[in-house]
Amino acid sequence: MKDSAGQPAPPLESAELEVAMQAARAGGEVVSRYYRDGVTMRHKQQDQSYNLVSDADEESEQAIIQVISAAFPTHAILAEESRQDAATAEMLWIVDPIDGTNNFAHSIPHFAISIACYREGQPLCGVIYNPIREDWYLTVRGQGAWFNGKRAAVSQTDRLDESLVALGFYYDRGQMMEATLATMRSLFQEKVHGIRRFGTASLDLCQVACGQAGAYFEYQLSPWDFAAGRLFVEEAGGLCTTCHGDPLPLQGTSLLASNSLLHGTLLEIISRHWTRENSAAFLRDS
Ligand code: LIP
């Protein structure tokens, strides 16, 4: 059996996942059109020329919200551009209408629509969809993680010199950027097989889950960047925590995802250059 994307349909049973896929298709039609026809990007904040938004982000988000709200009118929605319902709601949808906005802005076909449904603060299901490549990453809690109809599994090595480590740079160009660069240097000194910066958190998480990268970290992400991808990693046998080993909160946070075998080694290296105090001070001042 194939789904409407022409992919072999994974054996997933979830009403919320079905709605999430419909919503992702609706957003994907908007984003693909703008990607093809061109779009004007705008700066989100005057002092951050690299933090961009466009009509594509906003129209994709409205299309996604329309599908979710029609199916589940009483559910709350936390969406990057326009909806900040309380993260404490019993049923909560978390939406990134274009994750990897800067890739999108520069016509790099490595970005995704990320949609997750949470019940009482715990992930139920998630969809990460690259509409240009027609790549579908689907997951339901307890039912595995599936990439284009094939089951995903993390890598099985505990060696850094056999692993790629992906990372991201938040919009900060101060102490957090310096800490990320210092951690890159430490990883190279630890003989990591390679470092990758792909620019889309949700797809970075999917690459950990599919065994392509051993780990991914970033010192600051928003909930919509990771809400679906963290479940995809966990259902593929991986582990997601903050960069200090704590459970992920549904708010801005640092994040380390790994195949779980590399987690302890990486926590020591990554927290060396960005302490809990650094993290607390950044959140307090931002
Ligand atoms: C982006 C993430 C990326 C991170 C960027 C930004 P956006 O999300 O996918 O990993 O490095 O700072 O947060 O803004 O494109 O939705």
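Modelling each spin label as a point 7 Å along the Cα-to-Cβ direction, I'd like the GLU120/LYS150 distance in nm, to one decimal.
About 3.8 nm, to one decimal.
Around ALA213, which amide H atoms from residues at least 5 apart in sequence, or from another chain, sit under 5 Å from its own amide H, with H modelled in the peptide plane?
Long-range HN contacts for ALA213: VAL208.
Gaussian network model of the chain, Cα springs within a sub-10 Å range: biggest mean-square fluctuation belongs to which of PRO223, PRO73, PRO131?
PRO73
Can you tell me how the stretch 131-282 classifies by the Cα gyration tensor, rounded, prolate or oblate, using a/c under 1.5 as the rounded cut?
Note, shape of the stretch 131-282 comes out prolate.
Along the charge dipole of the chain, Cβ charges K/R +1 and D/E -1, which of SER163, ASN130, ALA281 sits furthest on the positive end?
Looking along the dipole axis, the top candidate is SER163.
Classify the stretch 218-286 from the C-alpha gyration tensor, please: rounded if a/c falls under 1.5, else prolate or oblate depending on whether a/b exceeds b/c.
Here the stretch 218-286 falls in the oblate category.
How large is the charge dipole for the chain, taken about the Cα centre, if only the Cβ atoms of Lys, Arg (+1) and Asp, Glu (-1) carry charge, to the nearest 20 debye?
Value, rounded to 20: 580 debye.
Can you work out the Karplus-derived ³J(HN,Hα) for every residue in the stretch 214-224? Use 6.51 cos²θ - 1.76 cosθ + 1.60 with θ = phi - 60°, whole Hz, and x for glycine or proline.
3J(HN,Hα) across the stretch 214-224, in whole Hz: x, 6, 8, 9, 7, 7, 7, 9, 8, x, 5.
Output the DSSP H helices from the chain with an along-axis C-alpha extent of no less than 18 Å and a mean Kyte-Doolittle hydropathy no less than 0.0.
Span-like helices, by this rule, are 175-189.
Taking 7 Å along the Cα-to-C-beta vector as the label spot, tell me the ARG272-HIS193 distance in nanometres, rounded to one decimal.
2.1 nm
Could you work out how far apart the two model spin labels at ARG159 and PHE72 are, taking each label as a point 7 Å from the Cα in the direction of the beta carbon, and quote it in nm?
4.4 nm
Cα centroid distance between the stretch 81-127 and the stretch 240-280, in Å?
21 Å
So what does LEU250 come to for accessible area, using a 1.4 Å probe and Å² rounded to 10?
40 Å²
So how strong a dipole does the stretch 194-276 carry about its Cα centre when Lys and Arg Cβ are +1 and Asp and Glu Cβ are -1, to the nearest 20 debye?
200 debye
If r is the Cβ-Cβ distance from ARG36 to ALA87 and R0 is 25 Å, what FRET efficiency results, to the nearest 0.05?
In this case the efficiency is close to 0.15.
Taking square-rooted eigenvalues a ≥ b ≥ c of the alpha carbon gyration tensor, is the stretch 164-249 rounded, prolate or oblate, where a/c under 1.5 means rounded and, failing that, a/b exceeding b/c means prolate?
Oblate, because a/c is 1.5 or more while a/b does not exceed b/c.
Say the dipole of the stretch 160-285 comes from +1 at the beta carbon of Lys and Arg and -1 at that of Asp and Glu; which of VAL192, LEU255, ALA179 then lies farthest toward its positive end?
ALA179
Have a look at SER60, SER69, SER258 and tell me which one the Gaussian network model of the chain (Cα, springs below 10 Å) gives the largest fluctuation.
SER69
Please identify which residues in the stretch 258-286 have an amide N closer than 11 Å to a label point set 7 Å out from the Cα of GLN175, following the Cα→Cβ vector.
The answer is 274-286.
For the stretch 15-151, what is the charge dipole size about the Cα centre, in debye to the nearest 20, if Lys and Arg each add +1 at the Cβ and Asp and Glu each add -1 at the Cβ?
Computed charge dipole of the stretch 15-151: roughly 440 debye.
What is the extension gain from ASN51 to HIS110, computed as 0.36 nm multiplied by their sequence separation minus the C-alpha to C-alpha distance, in nm to one decimal?
19.5 nm
With Cβ to Cβ distances under 15 Å as the rule, what net charge do the other residues near ALA281 carry (K, R +1; D, E -1)?
Its environment carries a net charge of -2.
The values are calculated or read from the model by the stated rules, or taken from the named source; none is laboratory data. Small disclaimer: the values here were computed from a predicted structure and weren't measured. No Cβ is skipped: glycine too gets one built from the backbone with ideal geometry, and neighbour counts run over all protein chains shown. Note: areas computed on protein heavy atoms with side chains; ligands, DNA, RNA excluded. Shrake-Rupley method; radii C 1.70, N 1.55, O 1.52, S 1.80 Å.
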